[in-house]
Amino acid sequence: MSTQAAAAVVDLAHHRDDPVITTLRTSFQRMHQLSRSEAPPTVAERRARLDALERVLRANQTAITEACNADFGARSRHETLLADIFPTMATLKHTRKHLAGWAKPRRAPVHWAFQPGSARVVPQPLGVIGIIAPWNYPVQLSLSPLVAALAAGNRAIIKPSELTPNTSALLAKMMTEAFDPSVVTVAQGGVEVAEAFSRLPFDHILFTGSTRVGAMVMRAAADNLTPVTLELGGKSPAVIHDSFPMDLAAERIMAGKLLNAGQTCIAPDYVLVPHGKTAEFIEACKQVVAKTRPTLRDNPDYTAVVNDRQYLRLCQWLDDAKSKGAQVIEINPANEEFLAAAHKMPPTLVTATSDDMILMQEEIFGPILPVLEHTGTDDAIAYINARPRPLALYYFDRDSSRVNAVMQRTTSGGVTINDTILHIAQEDLPFGGVGPAGMGAYHGQRGFDTLSHLKGVFYQSRINGAFLMNPPYGPRLERLVSILTA
């Protein structure tokens, strides 16, 4: 075992009485040892692991929808299929199709002075990957990173969220059915387990969650010089240009906002509408909700807020906004009464906002949408750039010059033009944040490369001029350097 791995075991000594952490430590030791002693898995072996993952995912689709529903209190079965199972299946299929090409050594150019030597970039497994997943999409955000880890030839330990215990237990059962525990295992547990997990000297940690917790994971990983990919969040804006049809923009923004009741890291967090068009946007949103969700309280396709804590947080933020002068508009087509115990919250628009309101400072992560106005594209860009860089940006405009201006003058993790959310579903686009929204990226080949070591290798030829660079140095070397640097 490496010095770092041994140090981590010592660091966990005070958790010896916790059987979950003891098992976690043992699993990591075993994986670490095997990753250093066994030959990397072949492409065929990696495909077999991806096949096993697909089989267990297909076999448990109904169980997954039921577990998610139990964890949320009311989670749309169709949203689980659409946003948890479908993206994972798409990632599996795309990765399996391209795996052989990604895993091949890649030619690299060689400076003329070192020809006819050749160079290659050789992908090889990093070793043991730690995956820390959140509660909002507990299957997709556990298994999509796992696909990248397995494709790159690694072993992995998944730490799912304790806030979705039924889904976490199901994931543990599924991974036991599909894999030997020396290849993939699941560490269930609360905060102490998560802290112990992040202190292990993984070869890479991929974390999805809040910016606050991401900073904690990064600090813990730094002690072991463990590289991290952090998929965080932030306040992702939607901007509507005056020329874009308001009803269409409202339809697409509300679709992205109300998916999973807004509990999505790339959900539109606030919208900038043209000056004087707030009322038009609100009316368009009301019509969209009335059409797509004419009832809400008992609608199986309208997801609840995940738990008491998150529901109370959203209510407190709305109270804070009201106390500071905001106007709060609930969209409730059937005029239903909502019980706090059920955690369902109607879509809520907030106007007359100010920067001192909590919901204008923090990522909302719920079915609440502040509505602000802009006086033009330059004004909208200035507003966005005056705030932390968002994970996603949505711009509604069919004028290519203005679209390009927004793309060039703003920085965000990803962008969808004239819609929301959909950039995350494109397997060949990297997904990741920038600044407080995260660091690093995965999906498609970017995920494979992130969880691989891309090793540079130079192959010297039989006939070469390397002797010209050997001592004794003198005029000959000076002439050679002069030629090489001309």
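The values are calculated or read from the model by the stated rules, or taken from the named source; none is laboratory data. Predicted model only: the values in this text are computed from it and were never measured. No Cβ is skipped: glycine too gets one built from the backbone with ideal geometry, and neighbour counts run over all protein chains shown.
Considering only segment 219-252, how many residues are of a type outside the set (Gly, Ala, Ser) and on the phi > 0 side of the Ramachandran plot?
1
Going through segment 107-147 one residue at a time, which ones are touching a strand residue (DSSP E or B) at 6+ places or on another chain (Cβ under 9 Å) and under 29 Å from LEU468 (Cβ atoms)?
Hits for segment 107-147 are ARG107, ALA108, PRO109, VAL110, PHE114, GLY117, SER118, ALA119, ARG120, VAL121, VAL122.
Report those helices (runs of 4 or more DSSP H) wholly inside segment 1-96 carrying at least 3 residues which are at pLDDT 95 or above and outside the structural domain of MET345 (by TED's automatic domain parsing).
Ranges flagged: 19-37, 43-59, 61-72, 77-80.
Within the group LEU429, LEU468, LEU477, which residue is in contact with a helix residue (DSSP H, G or I) (Cβ under 8 Å, 6 or more places away or on another chain), among the aliphatic types (A, V, I, L, M) and in a loop (DSSP other than H, G, I, E, B)?
Of LEU429, LEU468, LEU477, the one residue that is in contact with a helix residue (DSSP H, G or I) (Cβ under 8 Å, 6 or more places away or on another chain), among the aliphatic types (A, V, I, L, M) and in a loop (DSSP other than H, G, I, E, B) is LEU429.
Restricting to segment 265-282, name every residue that is charged (D, E, K, R) and buried (at least 23 other Cβ atoms within 10 Å of the Cβ).
Within segment 265-282, just ASP269 meets the criteria.
Taking the stated definitions as given, is VAL371 in contact with a Cys (Cβ under 9 Å, 6 or more places away or on another chain), closer than 16 Å to ASP269 by Cα and surrounded by 12 or more Cβ atoms within 10 Å (Cβ to Cβ)?
Numbers: in contact with a Cys (Cβ under 9 Å, 6 or more places away or on another chain): yes; closer than 16 Å to ASP269 by Cα: yes; surrounded by 12 or more Cβ atoms within 10 Å (Cβ to Cβ): yes.
Spelling it out, VAL371 is indeed in contact with a Cys (Cβ under 9 Å, 6 or more places away or on another chain), closer than 16 Å to ASP269 by Cα and surrounded by 12 or more Cβ atoms within 10 Å (Cβ to Cβ).
Return yes or no: is PHE448 touching a helix residue (DSSP H, G or I) at 6+ places or on another chain (Cβ under 7 Å), under 28 Å from PRO268 (Cβ atoms) and aromatic (Phe, Trp, Tyr)?
Taking the combined requirement at face value, the residue does not satisfy it.
Which numbered condition in (1) in contact with a Leu (Cβ under 7 Å, 6 or more places away or on another chain); (2) outside any strand (DSSP E or B); (3) farther than 24 Å from ASP379 by Cβ is the only one that LYS257 fails?
Every listed condition holds for LYS257 apart from (3).
Determine, yes or no, whether VAL328 is assigned to a strand (DSSP E or B), closer than 16 Å to ASP269 by Cα, free of Cβ contacts under 8 Å to residues at least 60 places away in the same chain and in contact with a Lys or Arg (Cβ under 8 Å, 6 or more places away or on another chain).
yes
Counting just the residues of segment 446-463 that are buried (at least 20 other Cβ atoms within 10 Å of the Cβ) and among the polar types (S, T, N, Q), which one comes out farthest from PHE207 (Cα to Cα)?
SER452
Say we look at segment 412-426 and pick out the residues that are under 13 Å from the mean Cα position of the chain (by Cα) and assigned to a loop (DSSP other than H, G, I, E, B); which of these is surrounded by the most Cβ atoms within 10 Å (Cβ to Cβ)? Step through it out loud before you land on a result.
As a first pass, look at segment 412-426 and keep what is under 13 Å from the mean Cα position of the chain (by Cα): 413-414, 421, 423-425.
Then keep just the ones that are assigned to a loop (DSSP other than H, G, I, E, B); that gives 413, 421.
Values: GLY413: 28, ILE421: 21.
So, considering only residues that are under 13 Å from the mean Cα position of the chain (by Cα) and assigned to a loop (DSSP other than H, G, I, E, B), the one surrounded by the most Cβ atoms within 10 Å (Cβ to Cβ) is GLY413.
I'd like to verify a number: residues in segment 234-253 that are buried (at least 24 other Cβ atoms within 10 Å of the Cβ) and out of contact with any strand residue (DSSP E or B) (no Cβ under 8 Å at 6 or more places or on another chain), how many?
Of the residues in segment 234-253, 2 are buried (at least 24 other Cβ atoms within 10 Å of the Cβ) and out of contact with any strand residue (DSSP E or B) (no Cβ under 8 Å at 6 or more places or on another chain).
I'd like to verify a number: residues in segment 364-407 that are within 20 Å of LYS322 (Cβ to Cβ) and of a type in the set (Asp, Glu), how many?
Count: 1.
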